[in-house]
Amino acid sequence: MSVRMASPLLLIFLLMIPDVFSENGWRVSYRHSHICALKNSSVIMSCTYKYPTEYTIMNVFWTKNAVKGKESPDLSEDPEYSQRLQYLGDKQQNCTIRLSHVTQKDSHKYCFRFITDQPDGKWTGYPGVTLTVTDLQVEAPERVTEGHNVSLTCKSSCTLTDRATFIWYRNSQPLTERRDGNNQLLLQSVRREDAGRYSCALHGHSYISPAAHLNVTYPPQRAFVAVMEGDSVTLSCSSDSNPPAEISWFKGGRFVGSGRIYSIYSISSDHGGEYKYPPKNVSVSITGSGEIVEGDSVTLICSSDANPPALNFSWFKENQSSAVGSGQSFSALQSGRFYCEAHNQHGSQRSDAVTVTGEAFINTLLYLHIIHQFVNYDDLHLSVHPGADRNVIVIAATSGGLFIIIIIIIIIIWFIM
């Protein structure tokens, strides 16, 4: 029973070998019926053949796309193959050849043919060897975010017959630590330095794939200006504020200039560093609505123009070293001169002092605003005193003409009416 079982199994095994059997002892066997080769590489097509002993071999050659019943041309006489085809076999049993510098144009079906000294002694080994020539392509995402993982794949149009060891390149420089039998390149926790043009190749082969660009995206970083020594550079600062910002330039905490534009001529290494500006345009406004009588409070508001914005505000009463309040707003419960100080990480700036006096206030913010629009004084003093029918508004300025003061009083009375 074991013999009966062995015979069918042996028959199946032998039938799996290409062209093992042929009629009357004629035979051609190929090691591979399909070969996938890399572009510009050399391909070896291994084969053996057999014929009856009473025949003598006269000619052996390879042909392509052979058709039964038609005479097949010798590839060694084809100008496209003659310089690249080398017969490695003999005229007894070995019919192996080497085809060099293959391209996609060489993707055909190849057969071995031998001719003997007898008219009926011609034989072609069908179906032959199917050769497919492939290039390499890098498959990569268009962009990846810094810190994420990304995988690049070296792809071919067919599975390479020979064992392949892949080599990766970035910007034409080999990544030697990435050499392995896997056709994928895994980049973990991608950095911005990993951006570039990636290509792949096979170890021992000259062909390198076209490059694919990997773009690594990352959030905005601190801006800097790089110039050549001896050149000139202009720094520009833009600000949207009302009143317009007073811009001062500082380098390393030292004042170096003012104005929206700051120019450096014939620059040297001494000019290198960070240029910043602290809070400016710090001012105090007074809010109140309706009639405020003795004992009420007045709210002072501090505003500033700074980059980055001022987050800390301190309130002081003139001639006192200790702060009397904090925060952007402050409620004054007593008369006096008050000012605020705004802070950010680059410095601080204090406002002009505002005077809070008198026993009652009427629409204080409106009057201060009107006066400020017409008189640009460094120090304004406003006091409101109770009268018989109307509150009398007394304005004192450190300088200015009587005519302007009269105009201001008329405007104020007009608003009161």
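See the values below:
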{"item": "Residues that are basic (Lys, Arg) and either surrounded by 22 or more Cβ atoms within 10 Å (Cβ to Cβ) or within 44 Å of the chain's Cα centre (by Cα) (or both), drawn from the range 92-112", "result": "LYS105"}
{"item": "Subset of the range 58-68 that is part of a strand (DSSP E or B) and crowded, with 16+ Cβ neighbours inside 10 Å - its residue that is nearest to the chain's Cα centre (by Cα)", "result": "LYS64"}
{"item": "Flag for VAL129 being touching a helix residue (DSSP H, G or I) at 6+ places or on another chain (Cβ under 9 Å), crowded, with 17+ Cβ neighbours inside 10 Å and within 23 Å of SER100 (Cα to Cα)", "result": "no"}
{"item": "Among (1) in a loop (DSSP other than H, G, I, E, B); (2) modelled with pLDDT of 95 or more, the one test that PHE21 misses", "result": "(2)"}
{"item": "Candidates LEU99, LEU85, filtered to the one that is on the phi < 0 side of the Ramachandran plot and in contact with a helix residue (DSSP H, G or I) (Cβ under 6 Å, 6 or more places away or on another chain)", "result": "LEU85"}
{"item": "For ILE44: the one exception among (1) modelled with pLDDT of 95 or more; (2) over 57 Å from the mean Cα position of the chain (by Cα)", "result": "(2)"}
{"item": "Residues of the range 138-165 classified as polar (S, T, N, Q), over 22 Å from the mean Cα position of the chain (by Cα) and surrounded by 13 or more Cβ atoms within 10 Å (Cβ to Cβ), total", "result": "4"}
{"item": "Filter pass, SER82 being in the same structural domain as GLY69 (by TED's automatic domain parsing) and small (Gly, Ala, Ser)", "result": "yes"}
{"item": "Unique residue being loosely packed, with under 12 Cβ neighbours inside 10 Å, closer than 19 Å to VAL144 by Cβ, modelled with pLDDT of 90 or more and of a type in the set (Ser, Thr, Tyr) when the list is SER189, SER199", "result": "SER189"}
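The values are calculated or read from the model by the stated rules, or taken from the named source; none is laboratory data. Here the structure is a predicted model, which is why all the values come from computation and not from measurement. In this analysis, Cβ positions are derived from the backbone assuming ideal geometry, glycine residues included, and neighbour counts consider all displayed protein chains.
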